[in-house]
1. Based on DSSP, what percent of beta bridges with both residues in the protein assembly as shown are antiparallel, to the nearest 5?
2. What is the average number of partner chain Cβ atoms found within 10 Å of a Cβ in B:88-97?
3. Can you list residues from other chains, or at least 5 along the same chain, whose modelled amide H is less than 5 Å from the amide H of B:VAL216?
4. Return the single residue from B:GLU163, B:GLU61, B:GLU238 with maximal mean-square fluctuation; model: Gaussian network over chain B, springs between Cα atoms under 10 Å.
5. Given the options B:ILE88, B:ILE168, B:ILE199, which has the most mean-square fluctuation in a GNM of chain B, springs set between C-alpha atoms less than 10 angstrom apart?
6. Using unit Cβ charges (K, R positive; D, E negative) and no other charged atoms, how large, in debye to the nearest 20, is the dipole of the stretch B:1-141 about its Cα centre?
7. Say each of B:HIS203 and B:GLU126 gets a label point 7 Å from the Cα, pointing the same way as Cα to Cβ; how far apart are those two points in nm?
8. If you average 1/r over every pair of different alpha-carbon atoms in the protein assembly as shown and take one over that average, what Kirkwood value in Å do you get?
Amino acid sequence: MSKDNQVLEEFSSKEYEHGWSIDLESDSAPKGLSEEIVRFISLKKNEPEWLLEWRLKAFRHWLTMKEPKWPNVKYPPIDYQDIIYYSAPKQKVQPKNLSEVDPELIETFKKLGISLTEQKRLTGVAVDAVIDSISVATTFKEKLGELGIIFCSFSEAVREHPDLVKKYLGTVVPSNDNYYAALNSAVFSDGSFCYIPKGVRCPMELSTYFRINAANTGQFERTLIIAEEGSYVSYLEGCTAPMRDENQLHAAVVELYAMKSAEIKYSTVQNWYPGDKDGKGGIYNFVTKRGICAGDYSKISWTQVETGAAITWKYPSCILKGDYSNGEFYSVAVTNNYQQADTGTKMIHIGKHTRSRIVSKGISIGKSQNSYRGQVHILKRAENARNFSQCDSLLMGDQCGAHTFPYIDVENKSAHVEHEATTSKIGEDQIFYCLQRGIDEEAAIALIVNGYAKEVLKQLPMEFAVEAQKLLALTLEGSVG
Amino acid sequence: MLKIKNIHAGVENKSILNGINLEVKPGEVHAIMGPNGSGKSTLASVLAGREDFEVTEGSVEFLGKDLLAMKPEDRAREGIFLAFQYPIEIPGVSTVNFMKTALNKIREYRGQDALDAVSFLTLMKEKIKLVEIDQSLLSRSLNEDFSGGEKKRNEIFQMAMLEPKLAILDETDSGLDIDALRIVANGVNKLRTKDNATIVVTHYQRLLDYIVPDYVHVLYQGKIVKSGTKELAMELEEKGYDWIKSEMEVA
C-alpha cells in the first residue's frame, strides 16, 4: 500500500467531533405517516385551515409518487412508517429572551461554538436557532424590525404574516415538485422565514443553525426568503447533527424569491453526521433548494460547503426569469469513508441576457462516491444567455469515485455556454514540498484542499469561511495521506 | 553539523549513490558539482528525506542526531532546508499562507508559540527586503504561473523566512538569467552566518562566482571523486567534466 493510502486510512479513522447528544424531553408524534399525523402536526402548531389543506394536498400527492432512483447513490429502502415526523423540545413558557431559554439548549449551542449571547454581542449576526423542529430563539428581531425586515421562524410567520406566507409558499418549489419536496410540504415542522422590503439592504448576515436531536426523528425544515425590489440579503445556514446509529432523514425545502434588482446570497455549511468509517449511520440529506429571479436584473447566488451526511441529494437551482437576471452556484462537496453525494445545480434561463455561473469542486476520499449533476437549460426566448461552468474533482486514494453529469440544453442560438472540467489528485511532489517546509502530511493536505476550494470558500462571508476551512480540515482528518 | 558516512542509496535495484562521505561544519559553504546523472540531486533528496530513494548503507548525523531516522517534516523542523530545483505549484495557496503554516509548524515543534499576524507580517517585510522579492508575488498561488526566476527567488525567500541551519540549494542556478542569478546569490550570501551552513548543488561554475564556496566536491557515478577549494571549480569549468571522466577511467 502506498504511503498516500496509509495516511488516508489513518486520517479516516478519526471520529466525528460533534458526536454527542443532549437529553431533551421530546413531545413527539407517534411513528409513521398518515393524514392523521399531518393533522396532528398542523394542530400542534395551531395552523390555519388553509395551511392544513395545503399540507393534506401535498400528502395525497406524495402517496402517488415514487422515490427518485436516478441519483448516483445507493442505500437500503427507507421505511417512511418507521419515522417520527414531529418532535418539539418541551418548554413550559414561551421564552421572551435568551435567559428564558432552556439552559440545555444554550449548552448545545455552546458546544457548537455558537453561543447566541456571544454571537449577538461579538459578531452582530442574528441567529434563528432551530432544534428538533422548533425555533427557540430569534435575536436581533427588533433591530431588523426597524427596517421592516421580517426574520422569524416559519411558524411565527404563519401566525404573524399569513398573507405573505400564503402568497409565496410553494411558488418556487411546488408541493408536488418531487418526492421529498412533497413529503416536506406535508409534514414540515418549522424553519425560517425572511422578508426584505423594497429597497432595503439587510445590514447583517442572517443566520440559522439547524440541528437534528432526538433519535429517529426526521427533520423537515422549510425556508422561505422573499426579497422585494432593489433589496439585498445574505443568509447563512449551518448544520451539525449528533452521532446516531440509525439513519436519519432530512428533507428540507428552501425557496428564494427575488424581485426586480433584488439580490439574495444564500450560503450553507453542512456537516451532518456522515456515518462512521464503516458506513454505519449518518444522515440522509434530500434537499430541494430553488430560487427564482422573478424580476429583471435580480440575482441569486448559492454557495455551499458540504462535508457531512451519509447521502446527499441536493441541487440548489436558479430560475432566471427576469431579463438580465443572474444566477450563481459555488459548491465544495467533500465525501469520505462511505459517504455518497449527488449534488449540483440547475440554471434555467428564461429571460433575455440572463447569466449563470457554476463552480463545483468535488473532493473524494476513502471509499466515497462524489457526483456533480448539473443542468444548464437555455429556453427559446432567452436571447443572449450566458453560462460558464467549471467542475473540478479531486481524488485522494484509489478507492473513491468522482463522477460528472452535466446536462446542457440550448434552445436559442445566441446562447454562449462554456463547460470546463478537470480531475486531479494531490501529488506526492506537492506533499513532499510541504513536508520539506516542516508541514506534516495532515496539515499539508488540509492546506492543499483549502487552496483547491478557495474560489468557492472566498464567496462565503468571513466568519463562515473560517468555520468552513476548519470543517474541511476536520473532514479530511483521519482521511488522507 | 552534518556528517555523511558511506551513504549508498538508489531506487528499486538501481544504485545511484555508492559511498558518499562528507562533513560540513557550521559557517561553511560546500559546492557539489558533477555531470548530469552523477547523483547530485539524489544526494539532496536523500538528505531531505524523499521516500523515492532507499538508503541501503551508511549513516547521516545532523547536529548529533540520526538524520535518516527522522521524518522529512522533522528534518525540516530541525533546520534542514531544500531549495528545490523544480519548485512545486500549489494552486490556491499563497506563499504567505504557505510560509505562515510552515513557520508555525516549525515553531510548534520547537515549543514556541505561533506567531501572531502582526509579528508574522513584520518578519515577512524584513525578509522581503533582504532577498529583493516582489511582494505581489507572495500573495499569488504558490509557484503557479511563476517564471523560472520567480520560482527560485521564492525559494530563497522561503529560506530566509525559515532560517535553516543547513540549506541545500539544488541546481538553484538552472534556468536563471544573470540578473536573477545575482539576486538569488545575494540573498543566499546575506543569509550566511557563522552558525549555519550551505550545500550548493550545481552543474556549472558560474553560480560559484557569486556564492563562493569553501570546498568543492566533484561527484561522479555516485561517489565524491575529487575535493578541493574553489579553484577546483575553475579547473572544472576550463577542462569540462570529460576531464574527470577520463581521469577516472585511467584510475
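1. Beta bridges within the protein assembly as shown, antiparallel portion: roughly 20 percent.
2. 6
3. Long-range HN contacts for B:VAL216: B:ALA31, B:GLY228, B:THR229.
4. B:GLU238
5. Highest fluctuation among the options: B:ILE88.
6. With Lys and Arg at +1 and Asp and Glu at -1, about 260 debye.
7. Placing both labels 7 Å along Cα→Cβ, they lie 3.8 nm apart.
8. About 28.6 Å for the protein assembly as shown.
Bear in mind these aren't lab numbers, they're just calculated from the coordinates by the rules spelled out. What you are looking at is a predicted structure, and each value in this text was computed from that prediction instead of being measured. Here Cβ is always computed from backbone atoms with ideal geometry, including for glycine, and neighbour counts include all displayed protein chains.
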